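Q: Before I ask anything, let me first share the structure, which is written out below as structure tokens.
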Amino acid sequence: MPKKKLIRQNVYPYHVITRNNNRDWFNIPIYEVWDICKESLIYALEREKVEINCFVLMSNHYHLLLTTPHENIDRFMMHFNWRISFMISNRINVINHKFSNRYKWSIVSKQSYLFNVYRYIYQNPIRAGICDECKDYPYSSLHFSNFEAELFNYRPHLNYSDSKHLIEKRFGSEFDNCIRNSLKRSYFKPKQKISVLYKKTLNDFKYGVSH
């Protein structure tokens with residue numbers, strides 16, 4: 001399947017996912033990878049200015065939501081992923097650490113979609129069985145300090161404290177799969193109306209159908 005042509009734009013956020021080669025785990029503790037990712041954000045931001053909206057690191061991949069006022073997603077991602085690979089390679093003493101081919105991206109052009117993408121990103125550790133609430137997972141932008149937020153040009157579209165009910169609410173595997181599949185498109189667009197999935201999930205809970 002051919003790679004989709006990159007769309008450079010400066011209005012809407014991109015959801016980006018990058019995985020390790022063969023989906024292997026990082027070969028160093030995740031807390032070290034977290035520090036490397038944060039250093040790499042600084043490195044890339046010094047070269048290409050973007051806004052970081054959301055970031056979650058998992059054991060073999062990461063999710064990033066970013067906005068590019070200068071239409072420079074490709075240049076930012078080149079610096080960011082190169083720096084992560086370089087630092088991990090030095091840490092484990094290998095020739096080069098590799099991500100699996102190019103990062104995957106999707107443009108999120110509607111606010112209602114955007115809130116669901118935030119939920120999907122932050123709930124990754126919950127779906128993996130690591131924690132019960134998004135805030136419990138340490139390797140997430142929810143734990144950026146005020147100082148780090150300035151360093152990383154962290155500009156979330158919603159505040160966790162004000163939107164906890166939205167971020168933490170779960171709608172089951174069918175809803176998650178719909179979001180996941182939609183993120184494979186150049187422009188995020190669910191095949192089913194999100195409002196219909198909401199209603200179906202609420203009815204399932206009402207009548208005792210488990211997910």
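Q: With a cap of 10 neighbouring Cβ atoms within 10 Å, and only residues DSSP puts in a loop, list the trypsin sites (Lys or Arg not before Pro) found in the range 1-93.
A: In loop regions of the range 1-93 (DSSP not H, G, I, E or B), the sparsely surrounded trypsin sites (Lys or Arg not before Pro) are Lys3, Lys5.
Q: Count charges around Glu32 for me, please; just the other residues with Cβ under 14 Å from its Cβ, Lys/Arg as +1, Asp/Glu as -1.
A: Local net charge: 0.
Q: Here's another thing I want to ask about it. Which links in Lys5/Lys49; Lys5/Lys189; Lys4/Lys104; Lys110/Lys189 stretch past 19 Å when you go from one Cα to the other?
A: Table pairs above 19 Å Cα-Cα are Lys5/Lys49.
Q: Then there is this: What does the charge add up to near Asn72, with Lys and Arg as +1, Asp and Glu as -1, over the other residues with Cβ less than 10 Å from its Cβ?
A: Residues close to Asn72 contribute a combined charge of +1.
Q: Still on this structure, I have one more. Let me check I've understood the local charge: for Ser163, count other residues with C-beta under 12 angstrom from its C-beta, Lys and Arg +1, Asp and Glu -1. What total comes out?
A: Residues close to Ser163 contribute a combined charge of +2.
Q: If you don't mind, there's one more thing I want to ask. Quick check: pseudo-label points 7 Å beyond the Cα along Cα→Cβ at Gln9 and Asn159, how many nm apart are they?
A: 2.9
Q: Let me ask another. Enumerate the calculated ³J(HN,Hα) couplings along the range 51-67 in order (Karplus 6.51 cos²θ - 1.76 cosθ + 1.60, θ = phi - 60°), each rounded to whole Hz, writing x wherever the residue is Gly or Pro.
A: 10, 8, 9, 6, 8, 9, 9, 10, 5, 9, 6, 9, 10, 9, 10, 9, 10
Throughout, read-outs are computed from the coordinates displayed, never taken from laboratory work. Only a predicted model underlies this, so the values are computations on that prediction, with no experimental measurement involved. Methodologically, a virtual Cβ is constructed for each residue, glycine included, from the backbone with ideal geometry; neighbour enumeration extends over all protein chains shown.
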